[in-house]
1. Among (1) more than 28 Å from residue 166 (Cβ to Cβ); (2) at pLDDT below 85, which single condition is residue 285 missing?
2. Pairs please, first residue from the stretch 292-306 and farther than 14 Å from residue 11 by Cβ, second anywhere and exposed (fewer than 10 other Cβ atoms within 10 Å of the Cβ), Cβ atoms under 9 Å, 6+ apart in sequence or on different chains.
3. Within the stretch 80-128, how many residues turn out to be more than 23 Å from residue 276 (Cβ to Cβ), aliphatic (A, V, I, L, M) and open to solvent by less than 60 Å² (accessible area, probe 1.4 Å)?
4. Considering only the stretch 155-180, how many residues are within 19 Å of residue 89 (Cβ to Cβ), out of contact with any Gly (no Cβ under 9 Å at 6 or more places or on another chain), surrounded by 13 or more Cβ atoms within 10 Å (Cβ to Cβ) and not acidic (Asp, Glu)?
5. Could you list, in sequence order, all residues of the stretch 118-162 that are touching a Cys at 6+ places or on another chain (Cβ under 9 Å) and not acidic (Asp, Glu)?
6. Determine, yes or no, whether residue 46 is hydrophobic (A, V, I, L, M, F, W, C), under 16 Å from residue 263 (Cβ atoms) and at pLDDT below 85.
7. Quick check on the stretch 129-150: of everything there that is open to solvent by 40 Å² or more (accessible area, probe 1.4 Å) and hydrophobic (A, V, I, L, M, F, W, C), which residue is modelled with the highest pLDDT?
8. Under 8 Å by Cβ, and 6 or more places apart or on different chains, what pairs join a residue from the stretch 136-162 that is assigned to a loop (DSSP other than H, G, I, E, B) with one that is at pLDDT below 90 and open to solvent by 90 Å² or more (accessible area, probe 1.4 Å)?
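The values are calculated or read from the model by the stated rules, or taken from the named source; none is laboratory data. All values derive from a computational prediction rather than experimental measurement. Cβ coordinates were reconstructed from backbone atoms using ideal geometry, including for glycine residues, and neighbour counts include every protein chain displayed. When the accessible area is computed, the model is the full protein with side chains, heavy atoms only, and any ligands, DNA or RNA have been set aside. Shrake-Rupley method; radii C 1.70, N 1.55, O 1.52, S 1.80 Å.
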Amino acid sequence: MPQNSEIKKHIRSIREIKQITRAMQLVSQVKMKRSRKLLDLTKPFFLGCVRTMEEMMIAEPEALSNLFQIKQKPAGSEWKVLFFVFGAEQGLSGSYGLNVVRFAEKVINDTRVRIEKDGYVFSYEIRFLGKIGRERLVRDGYQVNASWNCHIDNPNFYDATDIANNMFDLYHENKVDSIYLIYSTMKNKIQAHPIYTRLMPADYQGLHLLLSELFSQAEIEEEEQRCNFYQHETMEWIPNAHKVKDYLSLTYIYGMVYGAFTESFASEQAVRMTAMNQATDNADELLGKLQIEKNRVRQQQITQELNEIISGSIL
C-alpha cells in the first residue's frame, strides 16, 4: 500500500501538470480565435473574387481558359503533380498530424490511379509545411522535397503570397502540370477534418465545394445581397478582360493559399485546445481518486495508531 507521503507527492505532480495543460488550452484558444478572425476578414473579398470569376466565365469564357482548362499532353508523357501538404506545427494535438498524413497518402494514391488511367506517367513531389508528419511520409516511401520547408505557426498574408507566387510561376513555366493543396478545415468549433483541392488548374466544381466548406449558405446569400451579385445586365472589364483575369488569377491563388494557412493553423489549435481540455479533465478525475486514496490511507493510519494505544493500555 502506498504511503501518505507518496500520494501527496503524486498529487503535487498532477496539479503541476494540470496547470500546464490548462495554460496550453488557453493559449490554443486565443490563437485559434485570432486566426479565425483573420480568416473571417478575408472571406468577403475572397467570395467576391470567386463570384466575379463565375461572371467572367459566363461573359468572357476564353479569358479564364488558362486558369480552368486542363493541359493537353500526348499519351504516355509525364504528368507531374505538386502536392502542398499542411501538417502540424507542434505536438500535443492528438491524432491531428497523423490524420493529415493518412489523408494525404490517400489523395496521392487516388491521383496516381486517375492519371495513369488517363494514359500518362505519374510523377509527383510533396512540399510539406509544418514539423509533424514529414518523417512519416518519408518513412512510408513518399517523395518529400527535403530542401523545402515552411512553418505554419502564426501565418500571415505575405508568407502566403510568396508561396503562391512560386506556385504560379511553376505552373505557367510548365514545370508542373497540376497543383493540389491538402490541409485541414474546421468541421465545427472544436473538430477538424482534412480536405484537398486542386489549385491549378482551378477545379470549378471543387471551388464550389470549398465555398460550402468555408461559408455557410446564409453567409453566401448575405454577401451576394450586400454586393448585388448578378444584378447587372452587362459587365464592363476595366481596362480589359485579360487584365482583370490576371488580377483575379493571382488573387484567387493568394486567397486559397492564405485560407489553407489559416484554416490549418486554426484547426491544429482547436484540436490541441480540445486535447488539453481533456487532459485537464483527466487530471481533475485523477486528483479526485488520489484524494480518496489519501484519505483512506490516513484513516488506516489513525485506526492503527488507536489500536496500538488500546493494546498498550490493556497490557
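1. (2)
2. Filtered contacts from the stretch 292-306: 300/1.
3. Residues that pass the stated criteria total 8.
4. Of the residues in the stretch 155-180, the ones within 19 Å of residue 89 (Cβ to Cβ) are 155-160, 162-163.
Next cut, out of contact with any Gly (no Cβ under 9 Å at 6 or more places or on another chain) only: 155-159, 162-163.
Then keep just the ones that are surrounded by 13 or more Cβ atoms within 10 Å (Cβ to Cβ); that gives 155, 157, 159, 163.
Then keep just the ones that are not acidic (Asp, Glu); that gives 155, 157, 163.
Adding up the residues that qualify gives 3.
5. Correct list: 127, 128, 129, 130.
6. So residue 46 passes the test.
7. To start, the set of residues in the stretch 129-150 that are open to solvent by 40 Å² or more (accessible area, probe 1.4 Å) comprises 131-132, 134-136, 138-141, 143, 146-149.
Checking which are hydrophobic (A, V, I, L, M, F, W, C) leaves us with 132, 138, 146, 148.
On the way: 132: 87, 138: 91, 146: 87, 148: 88.
Restricting to residues being open to solvent by 40 Å² or more (accessible area, probe 1.4 Å) and hydrophobic (A, V, I, L, M, F, W, C), the top hit is 138.
8. From residues that are assigned to a loop (DSSP other than H, G, I, E, B), the pairs are 151/131.
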